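One structure is given below, encoded as structure tokens.
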Amino acid sequence: MSQAVVGKKYGIEQTEVSAIQRMQRVKIARLVDDNDKKPMVGRVKGVEVTIPIVYGSISFWLGKKAAESTHKWTTYVRSATNEDLSVLVKKVVFQLHPSFEKPTRTIEAAPFELSESGWGEFEIGITIYFHPDVGEKPLELFHHLKLYADDESIPQTTKKPVVVESYDEIVLSEPMEASFGRLRNHPVARVTGNPSSPLVLPAGESSLDRKGRDTKDHALVQWFMKHSEAEDLNLLTTARQQVWAAAAKLKKELGSLENEVLRIKATTH
Amino acid sequence: MGDAKDILGLPKLGERGSTEKRKTPKDAIKKPDGIHREVYALTGGLPPIMPTLDPVSIKKRTLPSKKISWQWLPFSTSARTDNLQLYHWVRIIDDSQPSGDYAFAKYNKVVDSIRYTDEEYNQLLVDSSWSREETDRLFDMCEQFDLRFIVIADRFTPPRTVEELKHRYYSAAKAILQARAGPNDDLSDHSFFKDSYNVNHEVERKKALNIILSQSRQQDREDAEVIAEARRITEARLKAKGLEESQVSTRAALHVDTTPARLPSPAATGDISFLSVPVTVASTTSVQVTPVPTPASAPSSTPVQTSAPIPASTTPVSAPPPVGPRPPRVYLRGAWLAQQIHSVVSPAGVRTSKRVDQMLEEYGVRSKPKVPTAAVCAEHLELRRELLNLIQLQKQVQYKENELAILRENPYAEIPATPNTPKRPHRGLENERVSTRATAVGAEFEGFPSSGERVGKREHKRKVPKRP
């Protein structure tokens, strides 16, 4: 058995190409059944799949007439480009404060979000479960639910929510063959690196966006924040340049000091 | 006159009278007739709220209804067999003496000793190494000393070891009991049979105890170390087995045949061979993790932690394991960056890492990037590394300046070797003259004048001993 498995791994080129072609012909976004036939063994070496996600909460104040629960909030995990995460994510479990009824809420279909009403801020535990053919353990994140804006001078309004989002990226390094085929053509993911097999260009096949799966037309899409790496990148590059300049200066200084030391020693010893 | 007196006296009298009046009411108030006035005054001169002992009754005490006296009487006890007459004080109540046995007789525990008849001896107990008299004497002493074999051994005339005596006694007793026991009696409960005496085992055990007792402290420590090591190894082995099983269940493991990169270092006992199997498994699973950034020398540099590489492949949670910069399979980039930062910066020390954070703030860069994309993370990490470099450069410049200042004052001063930057592993090299100049250490700092500085230092060192 192990021999056969090894053989399959090293002979990945043939099988992967044929597998991808097979998958493309099938035209289904989720290929769980198909993949069950294939062994879950192969990992695509030298490849990294990045799925940028955004997770956070949007909270609306319910106005002066509200009763005990003063806010209505939604917490969610979405793709940073508002694509459909369900190719990768099987379900998301939100762990709420124990004072909520049934604090463990499982969302098994996109969009992966949860709406509730309440009055308190607390930490929400978010666990992302992947499909079985991804073959990975679940990821855990935490998000502090914010209901009240920082700026206390502005009175609360029911029109503008308090939005807190965090950007992060799920990285699958050396993903399983099965899921790789699905993800590489899907706009939700970004693939870096070269797989050891020749890349077969997709025959115009990308995943099908079933309506309501992605978050492009979500009710709250107007509040979604834009996350761009430009700001961070610029800051970092300028900082690096400055640091490099300072380092160069110091090196020169060190050199001259050293020369000075040697000179003194040479004259006196 | 009477009026005048009255007028004069009465007010006086009146005063006195009032004081008297004040006094008398006080005396009149004096209620308690059983206790003194001053004592009563302790309560504030008022009767207590709670009903207390009626002061009247305090004087009289209830006389005990019974008449108690003490008598010096002889007594007998069942514990004594010699008819010795002893006396003691006895409390007599109403002219009747307490009955019953002496109260402490119940504490007189006796071992029921076994005696054999001649027939029994001849039938069961004839032994080559034990003569009849010796056996008799042994049994007598057992009875006399309540089976205290240490005492018996001490007094036994042809001196015999405790083990021999015990062995003889117990085997004889068992034989006798068995012979006497009828077919219905169950002897298996008897302590002689439940915990039967095993002479050889006892001899060995006492020898071993002696050895341990006479061991020096050094030996003790060594033994403790070996035991701890063995326990660690067995634990690691169990863990490896457990993880191996879970791996096999989730995905078919590719058993690439690699020679074990490292074996656990302690080979104190020769029994580590059984560990080579799980170790090979551990190393194969670690070989599987060959991500895009090839691991430095992570597999070979982790010494005893056989369990560490295994989490590398099986715990792809957002917190990757701290074994070198090797990414797990699935992770969140933000969390992964934090781990990488930690592994890069922490060897430099807490102070330096705090300095790095400070400097980041000065440049307006957040400790954790807001948008952790691949590019941003890479830049961030590089920036931190460069900041570290900068700090170390600054330190070196400072040292050099100090050196210069000292030299200017006193050109003949001996400058001790400045502490090397933490990234340089061979600290000891500076003091050994055997090292070569070509040793390029700390190659991480590009363009750093390492060779120049080293030459300077070494020349200095060589010059020192030449001076008379």
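The values are calculated or read from the model by the stated rules, or taken from the named source; none is laboratory data. The model shown is predicted, which means the values in this text are computed figures rather than measured ones. No Cβ is skipped: glycine too gets one built from the backbone with ideal geometry, and neighbour counts run over all protein chains shown. These area figures cover heavy atoms from the full protein model, side chains too; ligands, DNA and RNA do not enter into them. Shrake-Rupley method; radii C 1.70, N 1.55, O 1.52, S 1.80 Å.
Remarks
- Occluded residues from segment A:229-243, i.e. those whose accessible area drops by 30 Å² or more once the chain is not alone (1.4 Å probe): A:229, A:232, A:233, A:235, A:236, A:239, A:240, A:242, A:243
- Restricting segment B:329-368 to trypsin sites (Lys or Arg not before Pro) in coil, as DSSP defines it, with at most 13 other Cβ within 10 Å: B:366
- Rounded to the nearest 10 Å², the accessible area of residue B:40 at probe 1.4 Å: 30
- Taking every residue in B:387-396 and counting other chain Cβ atoms within 10 Å of its Cβ, the average works out to 4.
- Shown are B:227, B:406, whose ranking by accessible area with a 1.4 Å probe and every protein chain present, most to least, is B:227, B:406.
- Shielding score for B:91-100, defined as the mean number of other chain Cβ atoms within 10 Å: 0
- Between chain A and chain B, the total buried accessible area stands at approximately 5600 Å², from heavy atoms with a 1.4 Å probe.
- Probe 1.4 Å - accessible area at residue A:74, Å² to nearest ten: 20
- Solvent-accessible area assigned to carbon and sulfur over segment A:47-172 amounts to 53 percent, based on a 1.4 Å probe.
- Descending by average beta-carbon neighbour count within 10 Å, the peptides B:161-172, A:130-141 line up as A:130-141, B:161-172, the highest first.
- Spin-label model distance (nm) - residue B:181 vs residue B:394, 7 Å beyond Cα toward Cβ: 8.7
- A probe of 1.4 angstrom, applied to the heavy atoms of all protein chains, finds residue A:99 with accessible area near 90 square angstrom.
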